[in-house]
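In what follows, a structure is listed as structure tokens, so that the remarks can point back to it.
The values are calculated or read from the model by the stated rules, or taken from the named source; none is laboratory data. Since we're looking at a predicted model, the values are computed, not measured. Note: areas computed on protein heavy atoms with side chains; ligands, DNA, RNA excluded. Shrake-Rupley method; radii C 1.70, N 1.55, O 1.52, S 1.80 Å.
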Amino acid sequence: MKRSLCVAVVTATLVAPALAQMAPPPAISVTGEANISVAPDQAQIDGGVTSDAKTAREASDTNNAAMGKVLLALKGAGIEEKDYQTSRLSLQPQYAPNRAGPSPVVGYRASNRVTVKIRDVTKVANVIDVLVGAGATDIGGIHFSVTQASKYLDEAREKAVADARRKAELYAKAAGATLGEAISITEEGAPTPIFRGKMATPMAAGAPVAQGEETLSVTVHVSWAIKGKE
């Protein structure tokens, strides 16, 4: 009987520290958020020409000549060749509408689109005028961006952590505890710029363009150690 009692006491002594090590430390987990609005400093716009003809060769030749004028106009406007490139090129047959059975080919449509990078957003309207004046028949797809977004995102990250600390201190005070060091910090997903702006339509020469602004958002999850007041 004495031997069995001794074994039971030793087992209890070994298990208790193990359970204590498995218990997580007291902590408060909160979410911090921060938004920074920044005016975009770069833009991208698509412009294209579409040509219809009876034969594929005629449609292609006409379209190539029309796009050649557009590219020359962009170069003449001072836009560097590295800032514009062909984004889509197509040649499609056109079929007779409302026919029973297989529709015959009645012509061909060739199209060519170019994407233009504009490094000065104040010149977007001027570039639209250049494209339209050179014969572009399809303009759109304007996208504004911030080239130094990482710098602003770092500022937003600092503000997000500060927001998390503010919330954690509030909760700790309400719970009668003292806030300690941060245990973990996790950023939620990849920060995505949210564009807030608009552009008047339809696109045409002299069309008003509003560059708006981009809102850079960061969300972090932070856990803080806490301890009860002594």
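Quick one: which residues, 5 or more positions from residue 94 or on another chain, have an amide H under 5 Å from its amide H? H modelled 1.01 Å from N in the peptide plane, none for Pro or chain starts.
It is 106, 107, 108, 109, by chain and number.
If you wrap a convex hull around the C-alpha atoms of the range 112-182 and split its volume per residue, what is the figure in Å³?
Dividing the Cα hull volume of the range 112-182 by its residues yields 141 Å³.
Report ³J(HN,Hα) in whole Hz for each residue of the range 58-67, in order, from the Karplus equation J = 6.51 cos²θ - 1.76 cosθ + 1.60 where θ = phi - 60°; Gly and Pro get x.
These are the phi-based 3J(HN,Hα) values: 5, 5, 5, 5, 5, 5, 4, 5, 5, 5 Hz.
Where q = 0.09, 0.21 Å⁻¹, what log10 of I(q)/I(0) comes from the Debye formula for the range 9-168, counting one point per Cα?
Each listed q corresponds, in turn, to -0.56, -1.22.
Quick one: ranking 84, 108, 95 by accessible area, 1.4 Å probe, largest first, what do you get? Walk me through the intermediate numbers first.
Numbers: 84 30, 108 65, 95 130 Å².
Final ranking, largest accessible area leading: 95, 108, 84.
Using a 1.4 Å probe and ignoring any ligands, DNA or RNA, find the accessible area of residue 143 and quote it in Å² to the nearest 10.
100 Å²
Out of residues 5 or more away from residue 34 or on other chains, whose amide H comes under 5 Å of its own, with H placed 1.01 Å from N in the peptide plane?
Under 5 Å from the amide H of residue 34: 218.
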